[in-house]
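All remarks here apply to the structure that follows.
The values are calculated or read from the model by the stated rules, or taken from the named source; none is laboratory data. Bear in mind that the values here come from a model prediction, so they are computed numbers and not experimental data. When we count neighbours, we look across all protein chains shown, and the Cβ atoms used for this are built from the backbone with ideal geometry, even at glycine.
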Amino acid sequence: MNVIVCIKQVPDTEAPIRIRAGGGIDETGLNLVMNYYDEHATEAALRLREQFGGTVTVVAVGPERTREALRQALAMGADEATLLRDPALDAADHLQVARALAAFIRSRTPDAVICGKLSTDDNAAVVGAALAELLDLPQATAIAKLELDAGAGHATVHRELEGALEILEVPLPALFTVERSLNEPRYPSLPGIMKAKRKEIAVLDLAALGLSANELGPAGATLTGLATPPGRTAGIQVNGADPDAAVEAIVTFLGDRAKVL
Amino acid sequence: MNTDLSEDHRLIQATVRDFAAKEIVPVAARLDQEARYPSEIIARAATLGLMGLMVPEEYGGAGMDSIANVLVQEELARASAGVQVIVSVNNSLVCDPIVRYGTAEQKRRYLPPLADGRSLGCYCLTEPSAGSDAMALETRAQRRGDDWVLDGRKFFVTNGVEADICIVYARSEDAPGARGLSAFLVEKSFPGISVGKVEHKLGIRCSSTSEILLDDCRVPAENLLGGRGEGGKIALATLDGGRIGIAAQAVGLARAALEDATAYVKERHIFGRPLSNFQATQWALADAATRIDAARLLTYRAAWLRDRGARCTREAATAKLIASETAMWATHRAVQLFGGYGYIQDYPLERYFRDAKITEIYEGTSEVLRLVLSRDLLGSRGNAHQ
Amino acid sequence: MAQGALPEVWVLVAHREGSVRKITYELLGTARGLAGEGRVVAVLLGGGVEDPARIFGQRGADEVMVIDDPRLTQYTTEGYAAALAALASEHTPALLLIGSTAQGRDLAPRLAARLGAAIVTDCQTLALEGGELVATRPMYTRKAIGTVRLAQGRPWIAVVLPAVFPVPEESDRSVEVREASLPAEVRIRTRVVETRAIERETVPLTEADVIVSGGRGLRGPENFALLDALARALEAAVGSSRPPVDSGWVPHDYEIGQTGKTVSPQVYIACGISGAPQHLAGMSGSKFIVAINKDPNAPIFQLADLGVVGDLFEILPRLTEAVKKRKAAG
């Protein structure tokens with residue numbers, strides 16, 4: 001089974017974000033990590049390899065520093081890693097990113113493509129499903145369970161809907177985007193980190209992908225501004241030492257201010 | 001001089017930090033309160049390769065350098081100094097001397113289980129009447145046929161209860177001091193070795209500290225580690241690595257205190273303003289941060305020298321001395337900043353404070369370290385313990 | 001408020017088992033604002049909704065376009081994508097609004113790639129400026145608000161967050177229903193084996209007006225019963241922060257936060273939740289936040305409109321009784 005995992009490098013969700021006056025965020029001293037959901041995607045791919053054999057290839061679109069995230073995937077156990085790096089991709093929108101990934105993936109004919117359901121920098125959740133369309137693969141997004149019947153050539157997945165669970169049968173090859181509840185990602189073991197050190201990360205630009213600027217297309221969506229959200233300030237604080245008085249304060253609040261009682 | 005960490009070192013640090021935050025921090029307080037050995041965590045740590053960090057890959061280790069070790073120890077200690085010392089002793093005081101002085105057969109036999117978590121190691125040097133004056137130890141080793149027979153009492157042994165592989169230092173030669181000592185690899189399954197009294201400690205309570213009793217303990221001749229009479233040299237050289245590990249432990253503890261205090265003073269309000277608004281608080285945090293920074297860099301330097309195969313006795317002693325005193329200072333200050341909350345077990349500050357004290361004592365008390373350093377300065381030759 | 005207007009805005013109706021989901025009405029209101037005097041079309045795929053002309057007309061649609069094909073009775077990505085792609089290529093609407101539901105998020109990007117559309121998701125505001133669609137959306141764990149512009153010259157798809165836009169007032173009108181058909185050749189490769197309702201007594205979190213949520217301070221799974229009781233009294237949904245999920249006290253679908261759901265109810269009552277940034281990312285959009293925690297230094301108090309420093313085990317049962325009494329009194 002050959003599985004391709006698409007990953008992204010994003011700021012650590014615990015890191016404070018400093019917005020730059022000229023646009024974008026200030027990356028100095030910013031802790032950049034593999035997108036949390038992509039760890040789950042990588043783990044899913046590694047488990048498929050443990051079950052069925054084959055290779056796990058990890059690919060990312062991004063600047064040079066993205067190598068560290070690819071290195072982490074290699075340290076978790078991925079067999080090979082490729083960085084798609086091109087100035088034209090620096091300010092790419094999601095569909096352009098999907099086109100670049102599709103160009104790489106088409107040359108590989110995988111049995112499964114796995115992505116995180118979203119990336120925690122922009123929460124867009126666009127690249128996965130767009131990529132499935134471009135590759136003409138059936139898809140299942142935000143899956144919480146994945147069972148493969150490689151012999152029969154399909155997967156059975158669970159998806160969490162609002163208030164319901166959907167069980168889908170998806171023929172392979174297919175694209176999946178994964179939820180957090182799918183698995184527990186392994187830590188890169190320290191021997192794994194040492195082995196990953198010796199693996200080469202391939203770097204491809206658009207020309208190497210055979211993708212012309214025309215095929216990449218112009219950006220349809222552009223991020224034109226970033227602002228800090230309006231702050232919430234603390235309201236009233238009540239000492240709950242007297243629970244009855246506290247309850248009265250809450251009930252009054254729910255009735256008069258929040259208007260739900 | 002590049003003080004940046006390499007990409008691999010950063011990944012190692014991030015991985016262990018993540019592991020510690022997810023798996024050690026949530027249980028650290030309970031492990032300390034119950035003085036319970038963290039067997040599940042140690043098993044997980046072994047899966048990650050943390051128990052044989054510097055053991056060559058061919059023996060199942062991670063094949064990493066001392067800088068990587070220091071990074072790992074600091075991250076573990078930030079979460080729990082007790083868990084960290086279990087790992088540190090296994091790495092620096094047991095695996096390391098086997099790697100450096102062991103025969104191919106000894107390495108093949110002992111390193112893989114120590115690295116993968118099947119076995120735990122301990123280091124038996126100290127005796128009731130030979131602590132700082134360790135080279136005066138009295139445990140005897142006598143040849144009897146194909147075996148050595150060891151008799152004596154070792155004490156304050158970290159991992160004493162759970163360890164299966166003990167490096168025991170005993171007097172094998174008719175010579176006083178360091179030159180009379182040899183090192184032995186003793187399995188708990190050998191006849192005549194047992195665990196004696198188990199200590200109840202102020203801190204690092206989830207790691208066991210016990211006596212190891214040797215009563216006509218038969219050790220096969222091939223379990224001599226290094227040459228006869230080399231035990232003193234091995235013990236002291238091993239302690240250099242051990243001290244670097246403890247320095248990292250102290251840095252981790254100090255950092256725990258600083259990070260928790262920094263978060264706290266931003267939230268806690270007194271007289272209508274956050275504590276962080278008061279200059280005394282600001283200065284205390286700045287002092288802690290600068291001292292921790294210095295201690296960390298000293299620790300890195302010692303590790304860096306060790307990786308180059310250079311002698312690092314002075315640098316390891318310096319690092320441990322400064323780091324342990326920093327840990328005491330920072331944890332003490334942090335408890336004070338937290339006020340009443342620093343004294344109760346609902347918050348980890350009191351545990352950091354209790355854990356920090358041992359860093360000034362074991363693997364060379366601050367007094368012994370001062371002796372080592374002053375002798376280095378004043379040009380006194382020979383054994384620092386004579 | 002829109003500046004300029006679009007000639008035609010489509011809204012994909014979100015429905016399940018015959019009932020229309022609230023977000024559909026929110027989208028109709030948004031669509032009306034953007035269309036001005038232009039046309040608002042509610043697109044209903046699959047059957048099961050009674051009297052669509054009245055329901056959607058009442059909330060501002062000018063027309064309802066229906067494809068009632070058995071192949072669309074169950075949502076599938078490819079079925080819905082084929083239907084919308086066929087409709088869009090025939091009618092070329094300027095903008096399609098889709099609600100940010102599990103199905104909406106599954107469909108919209110695929111459709112965008114198929115149509116070569118410009119897409120923006122998680123929209124909190126939408127406006128027209130200089131012929132472009134401008135949306136704002138939360139980014140970086142809600143630490144920033146991003147402004148995204150969709151370029152002219154291609155169709156637009158905007159996926160809109162629930163409970164952000166108001167539901168328009170009902171106005172009495174009925175509108176034209178146009179029937180369309182799904183092309184004969186549509187490839188639908190996935191198969192829905194089963195849809196199982198999750199046994200939860202209350203409204204889904206993302207649609208609830210009131211949420212009662214618990215954290216580590218609840219101490220154990222059995223204490224979620226306290227939240228359940230309060231939620232029943234308030235007709236609220238029950239959620240949690242991450243630690244109870246990690247500890248296995250409640251299933252993952254309870255989780256609110258960066259790695260769980262994002263909610264923006266009218267009231268969010270946080271019980272025994274300290275307020276880590278990961279959690280705040282999921283609920284800071286709530287209109288009112290009430291926090292009950294025994295730790296006066298818990299970060300959640302920085303956000304709470306009403307913060308109660310006290311023992312939730314004393315407060316919750318009394319609160320449930322007080323709420324019941326107040327509701328009974330009318």
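At-a-glance table
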item	result
Close pairs from region C:128-150: first under 22 Å from A:GLU14 (Cα atoms) and more than 7 Å from every other protein chain (Cβ to nearest Cβ), partner of a type outside the set (Gly, Ala, Ser) and crowded, with 24+ Cβ neighbours inside 10 Å, Cβ under 6 Å, at least 6 apart	C:ARG137/C:ASP122
Total residues in region A:135-146, condition within 9 Å of chain C (Cβ to nearest Cβ) and touching a Phe, Trp or Tyr at 6+ places or on another chain (Cβ under 8 Å)	3
Long-range neighbours under 6 Å by Cβ, at least six apart or interchain, first residue charged (D, E, K, R) within region C:166-181, second not in a loop (DSSP other than H, G, I, E, B)	C:GLU170/C:GLN58; C:ARG173/C:GLY57; C:GLU176/C:GLU63; C:ARG178/C:MET65; C:GLU179/C:VAL66
Selection status of C:ARG154, within 10 Å of chain A (Cβ to nearest Cβ) and surrounded by fewer than 19 Cβ atoms within 10 Å (Cβ to Cβ)	yes
Odd one out for B:VAL89, checked against (1) surrounded by fewer than 24 Cβ atoms within 10 Å (Cβ to Cβ); (2) away from every other protein chain (no Cβ under 14 Å); (3) part of a helix (DSSP H, G or I)	(1)
Residue under evaluation A:ASP149, criteria (1) facing chain C (nearest Cβ under 9 Å); (2) surrounded by fewer than 24 Cβ atoms within 10 Å (Cβ to Cβ), criterion not met	(1)
Residue among B:ALA183, B:ALA163, B:ALA178, B:ALA134 that alone is surrounded by fewer than 23 Cβ atoms within 10 Å (Cβ to Cβ), in the same structural domain as B:PRO220 (by TED's automatic domain parsing) and among the aliphatic types (A, V, I, L, M)	B:ALA134
Qualifying residues in region A:114-130 (those that are of a type in the set (A, V, I, L, M, F, W, C) and touching a Cys at 6+ places or on another chain (Cβ under 7 Å)) - the one surrounded by the fewest Cβ atoms within 10 Å (Cβ to Cβ)	A:VAL127
Entirely in region B:281-386, the helices (runs of 4 or more DSSP H) that have 2 or more residues that are in contact with a Phe, Trp or Tyr (Cβ under 8 Å, 6 or more places away or on another chain)	B:313-338, B:349-357
Qualifying residue in region C:280-290 (condition: farther than 22 Å from C:PRO221 by Cα, modelled with pLDDT under 95, more than 9 Å from every other protein chain (Cβ to nearest Cβ) and touching a Pro at 6+ places or on another chain (Cβ under 7 Å))	yes
Strands (runs of 3 or more DSSP E) fully within region C:188-255 counting 2 or more residues that are under 23 Å from the mean Cα position of the chain (by Cα) and not assigned by TED's automatic domain parsing to the domain that holds C:GLY310	C:191-197
Of all residues making up region A:197-208, the number that are outside any loop (DSSP other than H, G, I, E, B) and either under 23 Å from the mean Cα position of the chain (by Cα) or among the charged types (D, E, K, R) (or both)	6
A:ALA124 being among the hydrophobic types (A, V, I, L, M, F, W, C), at the interface with chain C (Cβ under 7 Å from one of its Cβ atoms), assigned to a loop (DSSP other than H, G, I, E, B) and touching a strand residue (DSSP E or B) at 6+ places or on another chain (Cβ under 7 Å)	yes
Filter result (farther than 22 Å from C:PRO296 by Cβ, surrounded by 18 or more Cβ atoms within 10 Å (Cβ to Cβ) and not aromatic (Phe, Trp, Tyr)) within region C:210-226	C:VAL210, C:ILE211
Filter pass, B:CYS217 being over 22 Å from B:ALA20 (Cβ atoms), buried (at least 24 other Cβ atoms within 10 Å of the Cβ) and touching a strand residue (DSSP E or B) at 6+ places or on another chain (Cβ under 7 Å)	yes
Total residues in region C:294-321, condition more than 18 Å from A:LEU254 (Cβ to Cβ), more than 7 Å from chain A (Cβ to nearest Cβ) and among the charged types (D, E, K, R)	2
Residues within region A:158-206 that are of a type in the set (D, E, K, R), within 25 Å of A:ALA125 (Cα to Cα) and more than 7 Å from every other protein chain (Cβ to nearest Cβ), tallied	4
Residue that is modelled with pLDDT of 95 or more and either surrounded by fewer than 24 Cβ atoms within 10 Å (Cβ to Cβ) or not in a helix (DSSP H, G or I) (or both), where the choices are B:GLU105, B:GLU75	B:GLU105
Residue under evaluation C:LEU44, criteria (1) out of contact with any His (no Cβ under 8 Å at 6 or more places or on another chain); (2) not in a loop (DSSP other than H, G, I, E, B); (3) not basic (Lys, Arg), criterion not met	(1)
Leading residue by the ranking (farthest from the other protein chains (Cβ to nearest Cβ)) among those in region A:209-247 that are among the hydrophobic types (A, V, I, L, M, F, W, C), surrounded by 15 or more Cβ atoms within 10 Å (Cβ to Cβ) and under 29 Å from the mean Cα position of the chain (by Cα)	A:LEU209
Total residues in region B:225-265, condition touching a strand residue (DSSP E or B) at 6+ places or on another chain (Cβ under 6 Å) and either without any contact (Cβ under 8 Å) to a residue 60 or more places away in the chain or part of a helix (DSSP H, G or I) (or both)	5
